[in-house]
Amino acid sequence: MRKRFPSLSALSYGTHWPTGKRIAIVASAVAVLLAIAAVVALLTGGGNGHQAPGAAAPTPTGSPSSTEAAPKPSSGTGSVPKPPQIAEPVAYAKAAAQMLWSYDTRTTSRDQQLAGMHTWMTDESVYADWASVSGQVPDPVLWSRMADQEQHTTAGVTEGHFPSAFKQALADDPSAITEAYIYVVTVNGKQQIAWKKGGGGAEERAVTLAVQCRPSHDCALAAIAPSVTQ
């Protein structure tokens, strides 16, 4: 049997949850806005969320610092697509998840990947948790190994929805969302991964995102939750 290298579970990203501050800023905002313990637990990592089957988080291998700044996009954003002009949270979250699960080390440097991802973020710093997003990208050494193997992925999204806890929070207090307009959306899909010499495979993916969609404005990514909830 041909040995797969790099390992699909070790070198793919999109399910690695950073262990730093996570999304404390967004968590506190949602706690105030929604006042629902289940939602707060989701966004602080204290809930009973779960990952999709086959999407276990890889062992950390020198993850970037939680305070890593977004690289300047002066060198371009490589294969990272531009954020769509969408004003509906589920549709935007599905596009963001597909972006997070897709990358091409053959044409895109790590700095370009980060710069491209940063363009999807909300510009309201009080709600933006860049650390939770940048923490999905492997450290420079691992990215270099991936590039040596010409690793690249494509992704497909099967569905996106508001988790039940978030829907219940909105039902209990519909006006609570009107302060920050941050929506919690879970997206499910599949990631296809390939590298040189015919290596490759596929894995199911799931992610829970915090998306900001103010009225009369396009949506933007606020954070990635540390665990997935359905």
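Below are the figures for this structure:
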item	result
Answer from Val211, Val187 - the residue that is under 23 Å from Thr153 (Cβ atoms), in a strand (DSSP E or B) and touching a Cys at 6+ places or on another chain (Cβ under 7 Å)	Val211
Scan of the stretch 66-102 for residues that are in a loop (DSSP other than H, G, I, E, B) and modelled with pLDDT under 95, ordered by number	Ser66, Thr67, Glu68, Ala69, Ala70, Pro71, Lys72, Gly76, Thr77, Gly78, Ser79
Among the residues listed as Lys167, Lys82, the single one being under 30 Å from Gly201 (Cα atoms) and either surrounded by fewer than 20 Cβ atoms within 10 Å (Cβ to Cβ) or not aromatic (Phe, Trp, Tyr) (or both)	Lys82
Pair list, Cβ < 9 Å and 6+ apart or interchain, from the stretch 167-189 residues that are of a type in the set (Val, Ile, Thr) to residues that are loosely packed, with under 14 Cβ neighbours inside 10 Å and in a loop (DSSP other than H, G, I, E, B)	Thr178/Pro215; Thr186/Gln230
The one condition in (1) out of contact with any helix residue (DSSP H, G or I) (no Cβ under 8 Å at 6 or more places or on another chain); (2) open to solvent by 10 Å² or more (accessible area, probe 1.4 Å); (3) modelled with pLDDT of 95 or more that Ser175 fails to fulfil	(3)
Lone unmet requirement of (1) modelled with pLDDT under 95; (2) open to solvent by 10 Å² or more (accessible area, probe 1.4 Å); (3) hydrophobic (A, V, I, L, M, F, W, C) for Ala180	(2)
Among (1) within 15 Å of Ala222 (Cβ to Cβ); (2) outside any loop (DSSP other than H, G, I, E, B); (3) aliphatic (A, V, I, L, M); (4) out of contact with any Leu (no Cβ under 8 Å at 6 or more places or on another chain), the one test that Val141 misses	(1)
Lone qualifier among Thr154, Thr122, Thr186, Thr105 - being buried (at least 21 other Cβ atoms within 10 Å of the Cβ), over 24 Å from Pro226 (Cβ atoms) and at pLDDT 95 or above	Thr105
Qualifying residues in the stretch 199-226 (those that are in contact with a helix residue (DSSP H, G or I) (Cβ under 7 Å, 6 or more places away or on another chain) and more than 21 Å from Pro83 (Cβ to Cβ)) - the one surrounded by the fewest Cβ atoms within 10 Å (Cβ to Cβ)	Gly201
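The values are calculated or read from the model by the stated rules, or taken from the named source; none is laboratory data. Here the structure is a predicted model, which is why all the values come from computation and not from measurement. Quick reminder, even Gly has a Cβ in these numbers, built from the backbone with ideal geometry, and neighbours come from all protein chains shown. SASA here: full protein model, heavy atoms, side chains in, ligands and nucleic acids out. Shrake-Rupley method; radii C 1.70, N 1.55, O 1.52, S 1.80 Å.
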